[in-house]
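To start, the structure under review is shown below, and the notes come after it.
The values are calculated or read from the model by the stated rules, or taken from the named source; none is laboratory data. Note that the structure is predicted; figures quoted are calculated from it, not measured. For neighbour counting, all protein chains shown are included, and Cβ atoms are generated from backbone atoms with ideal geometry for every residue, glycine included.
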Amino acid sequence: MVLNPSFNLFNLTDDIKTKLPAFSPLISPYGEYTASPSAQVMSYQKIGSVDTQYPLIVMGEANDKRTCVIAGEGIWKWQLFDQLQNGSRDITYEVLNQICQYTSTKSDKRKFKVTSSKRLYTELEDISFQGELYNDSYELINTPEVSIRIKNKQGEEFDYTFNTSGQSYALEIGRFPEGSYSWTATTEVNGVKLTHDGKFVVQPIQLETLETTADHGLLRQLATMYGGSLVYADQISQLGDLILGDEHIKPILYSSTQTRPLIHLKWLCIILLAALSLEWFLRRYYGGY
């Protein structure tokens, strides 16, 4: 057999890639046939010393069902050859397990998943994300680059790139100001763009609610810094004497003068006009004119 270097439905170890092509050949029917364009060929037939493009092991998915076709017989010989050459059957079991795992795993369209440690943060908490990326056989991979874009309500955008953590991804972005945020994580696998989005909220923190007991040391420090005094509850009677005896505390008087044109006092203008009119009337009545 000849392994297909572009096969990527699941990961083949370097040990498999090196030893599997030398295993006992399978007996395949003679003829020309090709795989469906949507299928992936794991290995091709090798007739004698000639490498062909005839599929030997083919896998694919149609109508949400995964299938594997081995166009040959005699795979039971692999165990014997593996035991003889390598002293174990690990290579044979690993290949068959991967094939069975691929065909038995239900198809999940979300092969790319990003989660945040919380949905609700405070201003004093660091924000973190975790990401997982699976190949078609649902094996964790972290070769492609994963980026995330965070957007606040004002339309400002913040771009970050995930770090690899084991077989997964991780990202620490620190603290964010109060507000609501949305995010979109993206990556690309085999030319296909995958996205995952979500939201989180950062709430303001009320420092007063964290410490409900009076900090007398802090009060004493503030009083000394600004020339004041610390008075406890049992010393409240001394507060008046302390205020009166402090030379820096003096009464302050404030005065202000406000002028206003007489014409703006309409009621006074009406009274003056009425008085003038009354005087004119009395003079006319008593013959003063």
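Structure above, values below:
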{"read-out": "Residue within segment 9-26 that is surrounded by 15 or more Cβ atoms within 10 Å (Cβ to Cβ), among the acidic types (Asp, Glu), on the phi < 0 side of the Ramachandran plot and outside any loop (DSSP other than H, G, I, E, B) present", "value": "no"}
{"read-out": "Among residues of segment 146-187, those that are of a type in the set (Gly, Ala, Ser) and part of a loop (DSSP other than H, G, I, E, B), counted", "value": "2"}
{"read-out": "Hey, residue 241 part of a helix (DSSP H, G or I) and on the phi < 0 side of the Ramachandran plot or not", "value": "yes"}
{"read-out": "Breaking point among (1) surrounded by 10 or more Cβ atoms within 10 Å (Cβ to Cβ); (2) without any contact (Cβ under 8 Å) to a residue 12 or more places away in the chain, for residue 241", "value": "(1)"}
{"read-out": "Close pairs (6 angstrom Cβ cut-off, 6 or more residues apart or separate chains): under 16 Å from residue 246 (Cα atoms) and of a type in the set (S, T, N, Q) in segment 212-236, modelled with pLDDT under 80 and assigned to a loop (DSSP other than H, G, I, E, B) anywhere", "value": "none"}
{"read-out": "Members of segment 104-143 that are without any contact (Cβ under 8 Å) to a residue 12 or more places away in the chain and either surrounded by 15 or more Cβ atoms within 10 Å (Cβ to Cβ) or β-branched (Val, Ile, Thr) (or both)", "value": "143"}
{"read-out": "Flag if residue 73 is among the acidic types (Asp, Glu) and crowded, with 16+ Cβ neighbours inside 10 Å", "value": "no"}
{"read-out": "Qualifying residue in segment 264-287 (condition: at pLDDT 80 or above, assigned to a helix (DSSP H, G or I) and polar (S, T, N, Q))", "value": "yes"}
